[in-house]
1. Could you name the aspartates and glutamates in cross-link range of B:Lys16, using Cα to Cα under 13 Å and dropping any fewer than eight places away on the same chain?
2. Could you give the distance between the Cα centres of the range B:147-208 and the range A:135-191, to the whole Å?
3. For an R0 of 25 angstrom, estimate the FRET efficiency from the Cβ-Cβ distance between B:Asp81 and B:Ile205 and round to the nearest 0.05.
4. Subtracting the Cα-Cα distance from 0.36 nm times the residue separation, let me have the gained length for A:Met1 to A:Asn65 in nm, one decimal.
5. Suppose every Lys and Arg Cβ carries +1 and every Asp and Glu Cβ carries -1, with no other charges. What dipole size does the protein assembly as shown come out with about its Cα centre, to the nearest 20 debye?
6. Roughly what would the spin-label model give for A:Lys296 and A:Lys48, points 7 Å off Cα along C-beta, in nm?
7. Of B:Lys104/B:Lys207; A:Lys213/A:Lys312; A:Lys236/B:Lys2; A:Lys167/A:Lys258; A:Lys15/B:Lys167, which pairs sit farther than 22 Å apart, going by alpha carbon to alpha carbon?
Amino acid sequence: MSILVFAENTDGNFKKSTLEAVAYAAEVAKNTSTTCVAVSIGNVDDTKAEELSKYGADKIVNVKNDKLATFIAEPFAKILANISSQENASIIVVSNTYSGKSIAPKVAAKLKAGIVSGVISYPDTTNGFKVRRTVFSGKAFADVDITTPIKVLAITPNTFTTLENNKTVNLVSTDSGLNDADFNTTSIEVTRVTGKIVLTEAEVVISGGRGLKGPENWHLVEHLAEALNAATACSKPVSDMDWRSHSEHVGQTGITIKPNLYFAIGISGAIQHLAGVSSSKVIVVINKDPEAPFFKAADYGIVGDAFEVMPKIIEAAKKLKAQHA
Amino acid sequence: MKILVCISNVPDTTTKITFTDNNTKFNTAGVQFIINPYDELALARALELTEKQGGTVTVVNVGLADSDPSIRKALAIGATDAIRINAEPIDAYFVAEQIASYAKNENFDLILTGRESIDYNSGQVCGLLAEMLGIPSVNAINSLEIENGIATMMRDIDGGREKLSAKLPLVASALQELAEARIPNMRGIMSARTKPLTIVEAAGIEKNSATIGFELPAAKGSCKMIAPENAEQLIELLHNEAKVI
């Protein structure tokens with residue numbers, strides 16, 4: 001028996017969400033007296049892949065193949081399912097990123113495994129196999145019991161620690177064993193956002209709403225984001241009016257995020273918006289309307305005109321950055 | 001071209017979520033149900049494609065009779081016909097198996113779903129269904145063009161976008177920019193009444209998970225207010241007290 005974890009890489013490096021998934025799997029393995037097997041797929045150097053043992057992987061399977069250098073759902077799912085069977089895995093852990101979301105259901109269907117996404121707890125195995133997940137876009141939690149022998153868990157990024165847990169390196173390097181028929185989608189071009197913090201991975205998010213009056217005032221959001229190494233986001237009306245791209249829209253019908261700090265400027269806090277951001281650890285709300293519903297969900301608030309208070313805040317943030325540079 | 005669009009019947013986005021029966025059931029009292037917003041985008045794109053290239057758009061829902069108003073709305077928006085698989089949608093796996101069991105003999109060229117349903121947010125049906133039907137799937141697409149049996153799509157990936165192609169048949173899930181949602185017009189509403197809505201009995205499928213209970217997040221403590229003239233103090237509090245920057 002083993003606990004298998006998909007160690008997703010981006011251009012040969014492991015992101016924090018990957019390390020969280022490995023540490024999560026290692027903890028589950030420890031609690032169930034089994035071993036944690038991390039599977040890296042792509043072109044990750046063996047020395048890089050070995051780092052996963054620091055986060056508790058008892059065994060690392062490094063699948064190397066030039067054709068797998070960027071993520072492709074179909075072959076990745078097949079490799080993961082094959083290795084799961086070889087390693088007699090009872091639980092397969094992935095991080096609920098875009099890649100994780102596309103691979104998890106495929107692996108589950110291949111292995112006839114029950115699957116839960118958006119997992120925010122370790123499994124409770126005292127009576128069955130129970131995990132907690134978010135539902136209604138963060139408006140509530142649900143406890144789900146999985147009854148199949150094999151289980152797939154897609155865990156929410158920025159929820160679990162990346163506890164260091166040094167294990168002896170045990171790495172197996174292998175080819176994929178796939179043939180051309182396994183590649184049933186063709187990647188034409190990958191465009192990555194550069195020089196910006198990715199919203200879904202950001203620990204700090206600065207977000208603007210209609211209260212900012214127009215896209216020309218977004219420097220108030222961007223300058224603070226720059227000073228705090230944060231990602232930028234916006235409310236639905238803002239993306240609907242094309243002030244900002246849809247890819248920045250957070251909320252129930254946009255992106256659900258869970259940063260350490262969510263900083264909302266000129267956003268009233270409609271229930272649909274709160275659904276997408278309420279899991280943030282700390283929420284700051286700047287709004288000139290003291291009755292804005294967002295204050296009820298906030299940890300810190302300023303009732304005031306964004307155009308007056310934001311320059312002061314940006315200045316203070318720049319000073320803080322300079323002190324810690 | 002024969003397109004299938006999978007639709008979910010979900011609580012309106014403004015719904016205040018509460019539970020009954022000792023927090024084991026979602027409280028539907030007074031709740032307005034709608035077509036899942038992402039599924040509406042999938043439907044709109046399917047209609048655009050068939051209007052240009054010919055074909056039919058079938059909508060399928062796994063649900064009980066309370067889904068019918070949403071299904072009729074999909075017909076009013078322009079779907080050719082509709083199938084309701086008569087079963088309580090237990091989880092994504094169950095829903096995907098039901099749809100797969102219906103779709104396996106229907107030879108759809110393209111199957112579209114929403115990125116996720118806004119109630120259970122799993123986003124699994126696309127991948128599960130594709131795997132069960134033995135065809136490719138592509139998650140989170142923002143564009144979709146079909147030419148000579150090849151689908152070309154733009155999808156969101158972690159930290160960027162990817163343009164990719166796949167041969168039909170294919171399952172794909174819709175994101176915001178795929179299409180503009182459509183509002184049914186009077187002619188559509190009238191014709192929806194006579195369009196076929198076929199009720200199919202559910203396939204005998206064992207469930208592999210059960211939701212045991214729900215819980216609402218703990219209410220936030222009181223919000224610490226800072227006077228606007230001392231706005232710069234906020235940064236100090238976030239650094240020293242909240243320790244998030």
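Coordinate-derived values only; no laboratory data. Not measured: the values here are computed from a predicted model. Because the Cβ atoms are built from the backbone with ideal geometry, glycine has one as well, and the counts that use them run over all protein chains shown.
1. Partners found: B:Asp119.
2. 25 Å
3. 0.60
4. Numbers: separation 64, 0.36 × 64 = 23.04 nm, distance 2.69 nm.
Length gained, A:Met1 through A:Asn65: 20.3 nm.
5. Using only the charged Cβ atoms, the result is roughly 440 debye.
6. About 4.8 nm, to one decimal.
7. A:Lys236/B:Lys2; A:Lys167/A:Lys258; A:Lys15/B:Lys167
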